[in-house]
1. I'd like the Karplus ³J(HN,Hα) series for segment 267-283: coefficients 6.51, -1.76, 1.60, θ = phi - 60°, whole numbers in Hz, and an x wherever there's a Gly or Pro.
2. Non-local amide H neighbours of residue 160 (under 5 Å, H modeled in plane, Pro and chain starts lacking H): which ones?
3. Using θ = phi - 60° and the Karplus form 6.51 cos²θ - 1.76 cosθ + 1.60, what ³J(HN,Hα) does each residue of segment 139-151 get, whole Hz, x for Gly and Pro?
4. Taking a ≥ b ≥ c as the square roots of the eigenvalues of the Cα gyration tensor of segment 1-156, is the shape rounded (a/c under 1.5), prolate (a/b larger than b/c) or oblate?
5. Show me 38-51, 318-331 ranked by packing, highest mean number of other Cβ atoms within 10 Å first.
6. Which of the lysines could a cross-linker bridge to residue 284, judged by Cα under 16 Å and excluding same-chain residues fewer than eight apart?
7. Find the accessible area per residue for the chain; the probe is 1.4 Å, ligands and nucleic acids are left out, and the unit is Å².
8. Under the Karplus relation 6.51 cos²θ - 1.76 cosθ + 1.60, θ = phi - 60°, what is the ordered set of whole-Hz ³J(HN,Hα) values for segment 89-105, x standing for Gly and Pro?
Amino acid sequence: MGRTIIPFGPQHPVLPEPIHLKLTVEDEIITDVVPGFGYVHRGLETLVSKKDFKQMVQVVERVCGICSCIQALTYIQAMEEMYELEVPPRARYLRVIWSELHRAHSHLLWMGLFADAFGFESLFMQCWKIREKIMDIQESTAGNRVIISVNIIGGTRYDLEQDQLTQILDVVQQVEQDLLKLQKVFFEDYSVQKRTRGIAVLTKDEAYELGCVGPMLRASGVAQDARQTGYAAYGELDFEPVVETEGDCFARTKVRFREVLQCIELVRKAISKLPEGEVSVKVKGNPKGEAMGRTEQPRGELIHYVLANGSKYLDRLRIRTPTFANTPALMKMLPGQDLASAPVVLMSIDPCVSCTER
């Protein structure tokens, strides 16, 4: 039996993320995995000593561009807890609208890359074509396609006019219709099922014990979603987490597909209930104390811990990202799979190395 150690990444023709794995292979079957982190480490947490607490909002947005709106929201909620700020109701609903648009475009990006991982180039392009419509909304409502910088300590930087709200509703309707046309391919195509069904199964107990978060956890039957804590305006929008029970790559695909439809429904609910009023309150003085922000990022639960000393510079910023939490599960799932399944299994956790190597 031939035993080979194969370096998977940091550059790989299938995977756009610069993750590095050492795969031990015996006759095309993976027997052991050793991850290597640090390839794109940027030291963003250390910038608290050089950027003041307001400037750090722009820094944390750049932890990951794809979920920049929610990265900023997590940090800001921790700061607001320290200040004991009461955020205006309208701002809380606006935060939900932009967060769910971000979640939808993140999942559509992943769906396209996942299709590319098992060779469906046309499906890849269709997913990204749909995603473009959401990117256009973000540009028209916030001035940028990716890093929209809408959240500030105390509320939101911008408001949404009635014509913008109408535009959002029209576009999400188009996105929903276009997405449903792809449902048959994702859920019924023989080749897709052959590459995903029964592959890299993670049981409910394993997912829980390994500390999985987000779609990884919910695809194994655990109904856990940080939005259920009711932050922003989620406590007033009445929704249930999207859950599948099979725990394989196919279930993780279904969870993310269904969550895009849920994002659209949450945007509609938030717009229908959007209250009138101001969108921000003023922040006075420098922060002192410690606090933790917790949100549901597209990849799972995101945590920001902040420690302040009363000056304009924080003592500490610590970020726990979902990809870091899901990596132990990846190490559990890869052994026993054939080498050709490695890109599919890896993509099924929706890895973001930019988030992980801050």
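The values are calculated or read from the model by the stated rules, or taken from the named source; none is laboratory data. Everything numeric in this text was worked out from a predicted model, so none of it was measured. We place every Cβ from the backbone using ideal geometry, glycine too, and count neighbours over all the protein chains shown. All accessible areas refer to the heavy atoms of the entire protein, side chains included, with ligands and DNA or RNA removed. Shrake-Rupley method; radii C 1.70, N 1.55, O 1.52, S 1.80 Å.
1. Along segment 267-283, the couplings run 4, 4, 5, 5, 5, 5, 9, 4, x, 7, x, 6, 10, 7, 10, 6, 10 Hz.
2. Residues meeting the amide H criterion: none.
3. So the J values, rounded to whole Hz, are 5, 6, 9, 10, x, 8, 8, 10, 8, 8, 6, 8, 8.
4. On the way: a/c = 3.08, a/b = 1.62, b/c = 1.90.
Here segment 1-156 falls in the oblate category.
5. Numbers: 38-51: 13.6, 318-331: 20.9.
Most protected by this proxy first, the peptides run 318-331, 38-51.
6. Counting by Cα, and skipping residues close in sequence, residue 284 has these lysines nearby: 54, 312.
7. Numbers: 14640 Å² over 358 residues.
Ligands and nucleic acids excluded, the figure is 41 Å² per residue.
8. x, 4, 5, 5, 6, 4, 4, 5, 4, 5, 5, 6, 5, 5, 4, 5, 6
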